[in-house]
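One structure is given below, encoded as structure tokens.
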Amino acid sequence: MAMLWRVAARRFPVLAIRDFRLLLADRLLAPAAVAFSMVGVSFAVLDATGSTADLSYVLAAQIAPSLVFTLISGVISDRVPPQRVIVAANVMIAVAEGLLGVLVLAGDARLWQMIVLETLNGVGMAVFWPASQALLPKIVPDPLLQQANALSRLAMNGAQMGGAAVAGVVVAAVGPGWAMTVCGVGLLGTIPMLLAIRAPGHEPAAGEEAGMLRELREGWSEFRSHSWLWTIVLQYGVVLMAWYGSFQVLGPPVAKAHLGGPASWGAIMSAEALGLIVGGLVSLRFTPRRPLLVVVCMGAITALSPLSLAMRWPLVAICLAAVVIGVAMEIMVVQWSVTLARNVPPGKLARVSAYDALGSVMAMPVGALIAGPIAAQIGLSATQYGAAALMIVASGLALLPRDVRTLRSPAADDATVPPAVSPSSAPSA
């Protein structure tokens, strides 16, 4: 085992950084736990109410808090050590999912309780994202950012794949209550690892004023100064709205009616996670000259999600489509994260990431709220076809600005291999 670790450390110099290893451990446990929630919540609602409209309301409650708390987290995460913000986020998610799991196990979960607890879950998810984006550049030097992003996301996606597969079996065998309870316990287990990370907060410059509104304005000014940034954020606002409504909301009802139920949905989630793993492996070496072209095109590929369900493909074919989508999304996320880290000042990265997350997800509650009622009127397949068309059109329009087509990656023109990093020379190690 020690020999394997030494070989891996030589192959991936970023593993020499102590804080990165701690983060990697967190990104194994937390996504595995969250995967139990991803499968459990939808089937808890469907078992309790049998209504796609009710499922829309619950899943919209997960996303709605991002409209406020993402921006607040962006400001806080640019000032205090971001790992502490992630701890707060994980505690909120653990409490929400653990309590909901207990209510479901007791047979006393009501719709309003699900909405309230999933709102708390949504606050935790909103707080997590800007802090997560700000943390990695604080503990990893720039030459190793792509390697660190790819490895950390490989860990996350591998854990999610395993978690989703097990969660589907658990939900099918003993019900969604146990799945959500596992989620809560698992997230609490990440806290010691996160608290051991020594990434610093931002030290204000001499004479630099603090203030929530001033810092939000500063982050907004940086965000809107990059046309490529806000264009792609708008694209993914539409793509994610259509995907969330047509796949996340309407997917479980299709699985329940035509594919065999929760175990099949868990298999689809696992297939997507497998694709994310493959995409992460590709991202260790793939450095496109024009990364934003890749990011935009991957948004169009996501249309396969609703199309595969609308056309009632066999489960195996849907899983294969999910693998393809996972590969595309992972390549997109790695290229986008690295592009942001290289083109946005570190002291503003969490706030810019907050506006990125807000713009990308602000329409998702709309997708969640309207998907169920629209499907009730025109049918599941027609709604999913419409969502796929919307995703393709939005991706095509995102190619119009010149910066999206021309921004180049400096790493693509650099043929040198990143130097090995020792723990003593790495930030925060």
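Where a number appears in this text, it was derived from the coordinates with a stated rule and is not lab data. None of the values given here were measured: they were computed from a predicted structure. Here Cβ is always computed from backbone atoms with ideal geometry, including for glycine, and neighbour counts include all displayed protein chains.
Could you work out the relative contact order of the range 249-396? I mean the mean sequence separation of Cα pairs under 8 Å and 6+ apart, divided by the number of residues, in percent. About 35 percent, as a whole number. Using C-alpha pairs below 8 Å separated by at least 6 residues, the relative contact order for the chain is 28 percent.
To one decimal place, what Kirkwood hydrodynamic radius in Å is obtained for the range 256-319 from all pairs of distinct Cα atoms? Before the final figure, lay out each step's value.
Working: mean 1/r = 0.0739 Å⁻¹.
Averaging 1/r across every pair of different Cα atoms and inverting gives 13.5 Å.
Once a ≥ b ≥ c are taken as the square roots of the eigenvalues of the Cα gyration tensor of the range 15-119, is the result rounded (a/c under 1.5), prolate (a/b larger than b/c) or oblate (a/b not larger than b/c)? Since a/c reaches 1.5 and a/b is larger than b/c, the shape of the range 15-119 is classed as prolate. Taking all Cα pairs closer than 8 Å and separated by 6 or more residues, the relative contact order of the range 1-145 comes to 33 percent.
What shape does the range 24-68 take by its C-alpha gyration tensor, where a ≥ b ≥ c are the square roots of the eigenvalues and a/c under 1.5 counts as rounded, a/b above b/c as prolate, and the rest as oblate?
Values: a/c = 5.42, a/b = 1.55, b/c = 3.51.
Oblate is the answer for the range 24-68, as a/c is 1.5 or above yet b/c matches or exceeds a/b.
For the chain, the 222 nm mean residue ellipticity estimated from helices alone, with every DSSP H stretch of n ≥ 4 adding -39500 (n - 2.57) and the total spread over all residues, rounds to -25000 deg cm²/dmol. If you wrap the range 155-284 in the convex hull of its Cα atoms and look at it from every side, the mean projected area works out to 12.4 nm². In units of the compact-protein estimate 2.2 N^0.38 Å, the chain shows a Cα radius of gyration of 0.94.
Between 0 and 90 degrees, the angle of helix 52-63 with respect to the longest Cα principal axis of the chain falls at about 20 degrees.
Taking θ as phi - 60° and the Karplus parameters 6.51, -1.76 and 1.60, the scalar couplings of the range 273-279 work out to 5, 4, x, 4, 5, 4, x Hz in sequence order, x denoting glycine and proline. Evaluated at q = 0.14, 0.15, 0.21, 0.25 Å⁻¹, a Debye calculation over the C-alpha positions of the range 116-208 (equal weights, vacuum) places log10 I(q)/I(0) at -0.75, -0.83, -1.29, -1.41. A simple rule links phi to the HN-Hα coupling: the Karplus curve 6.51 cos²θ - 1.76 cosθ + 1.60 with θ = phi - 60°, which for the range 212-217 gives 4, 5, 4, 6, 5, 5 Hz, with x for Gly and Pro. The angle between the Cα long axis of helix 66-77 and the main principal axis of the chain comes to about 20°, on a 0 to 90 degree scale.
Divide the volume of the convex hull around the Cα atoms of the range 226-369 by the residue count and you get 107 Å³ per residue. Most tightly packed first, judged by the mean number of other beta-carbon atoms within 10 Å of their residues, the peptides 179-189, 211-221, 34-44 read 34-44, 179-189, 211-221. If you fit an axis through the alpha-carbon atoms of helix 18-49 and take the longest principal axis of the Cα set of the chain, what angle between them do you get, 0 to 90°, nearest 10? Rounded to the nearest ten degrees, it is 20.
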